[in-house]
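Each remark here refers to the structure printed beneath this line.
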Amino acid sequence: MAFENKYVRTVKAADFKLWEKAQPRLLNLDIELTERCNNNCLHCCINLPENDESARQRELTTDELKKILREAASLGCLSVRLTGGEPLLRPDFAELYLFIRKLGIKVLLFTNATLINADLIQLFRKYPPGELIEVTVYGMTQRTYEAVSRVKGTFAKAFRGITLLLENNIPFVVKSALLPQNREDIPAFEAWAKSIPWMTKPPRYSMFFDLRNRRDSDKNDLIARVRATPDDGIDFIMRNPEAYRKDMQAFCAKFTSPPGDKLFTCGAGKKSGTIDAYGNFQVCMLVRHPATLYDLRRGSLQDALDNFFPHVLAAKAKNSDYLQKCAKCFLKGLCEQCPGKAWTEHGTLDTPVSYLCDIAHKQARLLGLLDEHEWAWQVEDWRQRIDRFVASE
Amino acid sequence: MEQGISLNDVLSISEDVVAREVEREFLIIPIASGVGDMEDELYSLNECGKAIWDKLDGVKSLAQIKSDLAEEYDAPPEEIETDVLNFTSELLKRKILVRI
């Protein structure tokens, strides 16, 4: 029962409205504890080998992370996402986790669950993360899982970890990456996901994979081969056409309009950011253009938020193709084109990504927003089209 | 009162909660299982609650705290006593405070 009297009021953390009036400098923070991973997934945009000693040596130390976290708490941060790579690979994970919780900050953990063990379970039982742990599951059989993870034994380890979470009532949800190698598992995955007590919604999938964030392009051909084509991806999303249409109507009512030449339109970096494994503070996980990185080993979160990010976020497009197409395109809300994606695909912040453009146009045609041969940036009556679509049955 | 709390009791703040002041809002955040009501709930103290909270040092009895507050605030001692006992008994029940 909620505790409410003249001295104190109870607030659901998820509904905490303090921020609407008080506006702390930092709301939430993503930290990539390491880029190393014990999986070697076909599609992954960031992972390095588990035993990459050069990467390990460059990673932020425990003390450096604690200093950053202390500052995050002082700036008002209430939630930290720990991701990687595989964050549980760090031997100081438990120490950092407890440190964060004792700062009064919730932890959102992204993991493949292969390293969940009895010690971590004990820690999570005593000090719950405060957010649902998110486990990515790459297949429902050893054959399919390890065709994606490309490391023997990882299927058994992942399901051992998941079983430990279940048996000990540690709240978590599952999600998946959809590749040709595990596509046959969808019915089994979804049926199993339904049995997990904390899965209140169907599982999420990634399928339009990003290319390598570090632009170490040896692997990009591989990623491009396994990521969904626009046709396949949209067919998958449209498995439940009515729900999809409703979602899109709600989404388009809010977010669809031409963005103009302003590149950052998503809210990234205003009260949030990502710290990479080496102490670079960036406005989001994808944007790793050197000109957009702030070195926390030489500065502070506050300085980055107050003095550095505003310049990054003020960037305007100069690419003439972008200005002729993306800047005038009313499908902005349906399209994942952003500086981060432009960086991973082209090494710039403002080059149009044709893969994303194709996906957005395919969706718009299916939803009746565009005719077969129209391009969205050429449409003048876009607002009426959106209004008609949003009002349609 | 809840759990038979009295002015002779000495209470301290549990190690399983974190108190944070964020943009002038004073929050108590339970971080361990079984503390507070629900895992995802925070508690926000008003000025009166905060004044009592600040005195809970694990050394002073509630009687001493009442007396300190009576010197600092222009309020009838009996009202302060009621406030101190009501506030601390609720937090004790939720394991946010512990008896020494």
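Figures for the structure shown
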{"read-out": "Cubic angstrom per residue, convex hull over Cα atoms of region A:23-228", "value": "131"}
{"read-out": "Interface size A-B, as summed buried accessible area [1.4 Å probe, Å², nearest 100]", "value": "2700"}
{"read-out": "Selected from A:391, A:248, A:237, residue furthest toward positive end of dipole (the protein assembly as shown; charges at beta carbon)", "value": "A:237"}
{"read-out": "Net charge, residue A:347 excluded, C-beta distance under 14 Å - Lys, Arg +1, Asp, Glu -1", "value": "+1"}
{"read-out": "Cα gyration tensor, region A:125-180 - rounded (a/c under 1.5), prolate or oblate", "value": "prolate"}
{"read-out": "Debye, to nearest 20: dipole size of chain A, +1 on Lys, Arg Cβ, -1 on Asp, Glu Cβ", "value": "1020"}
{"read-out": "Residue mean of other protein chain beta carbons inside 10 Å, A:123-132", "value": "3"}
{"read-out": "Charged-residue dipole, Cβ positions (Lys, Arg, Asp, Glu), chain B about Cα centre, Debye nearest 20", "value": "360"}
{"read-out": "Solvent-accessible area per residue for the protein assembly as shown (1.4 angstrom probe, square angstrom)", "value": "47"}
{"read-out": "Farthest toward positive dipole pole in the protein assembly as shown [+1 Lys/Arg, -1 Asp/Glu at C-beta], among A:73, A:48, A:27", "value": "A:48"}
{"read-out": "Potential extension, residue A:188-residue A:298 segment - 0.36 nm per residue separation minus Cα distance", "value": "34.7 nm"}
{"read-out": "Shape call, region A:250-336: gyration tensor on alpha carbons, a/c limit 1.5", "value": "prolate"}
{"read-out": "At least 10 Å² accessible surface lost relative to isolated chain, residues of region A:98-114 (1.4 Å probe)", "value": "A:101, A:102, A:103, A:104"}
{"read-out": "Carbon + sulfur, % of accessible area of region B:2-99 - ligands and nucleic acids excluded, 1.4 Å", "value": "44"}
{"read-out": "Normalised convex hull volume, region A:140-258, alpha-carbon set, Å³ per residue", "value": "162"}
{"read-out": "Per-residue [θ]222 nm for chain A (sum of -39500 (n - 2.57) over DSSP H runs n ≥ 4, rounded to 500)", "value": "-10500 deg cm²/dmol"}
{"read-out": "Semi-axes of the equivalent ellipsoid for chain A, Cα gyration tensor, largest first, Å", "value": "33, 27, 24"}
{"read-out": "Relative contact order (%) - criterion: Cα under 8 Å, at least six apart; region: chain A", "value": "15"}
{"read-out": "Convex hull volume of chain B per residue (C-alpha atoms, cubic angstrom)", "value": "93"}
{"read-out": "With every protein chain in place, region A:343-393: carbon and sulfur % of accessible area (1.4 Å)", "value": "47"}
{"read-out": "Gaussian network model of chain A, springs between alpha carbon atoms under 10 Å - residue of A:275, A:234, A:359 with greatest fluctuation", "value": "A:234"}
{"read-out": "Computed over region B:2-99: relative contact order in percent, which uses C-alpha pairs under 8 Å that are six or more apart", "value": "39"}
{"read-out": "Selected from A:171, A:87, A:180 as most flexible by GNM, with chain A as the system and alpha-carbon contacts under 10 Å", "value": "A:180"}
{"read-out": "Potential extension, residue A:61-residue A:216 segment - 0.36 nm per residue separation minus Cα distance", "value": "53.4 nm"}
{"read-out": "For chain A, Cys with no neighbouring Cys Cβ under 4.7 Å", "value": "A:37, A:45, A:77, A:252, A:266, A:284, A:326, A:329, A:335, A:338, A:357"}
{"read-out": "Cα centre as origin, Lys/Arg/Asp/Glu Cβ charges: region A:190-276 dipole, Debye", "value": "400"}
{"read-out": "Listed residues A:155, A:85, A:165: farthest to the positive end of the dipole of region A:23-228 (Cβ charges)", "value": "A:165"}
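The values are calculated or read from the model by the stated rules, or taken from the named source; none is laboratory data. As the structure is a computational prediction, the values presented were derived from the model and not from experiment. We place every Cβ from the backbone using ideal geometry, glycine too, and count neighbours over all the protein chains shown. Calculation scope for accessible area: heavy atoms of the full protein, side chains included, ligands and nucleic acids excluded. Shrake-Rupley method; radii C 1.70, N 1.55, O 1.52, S 1.80 Å.
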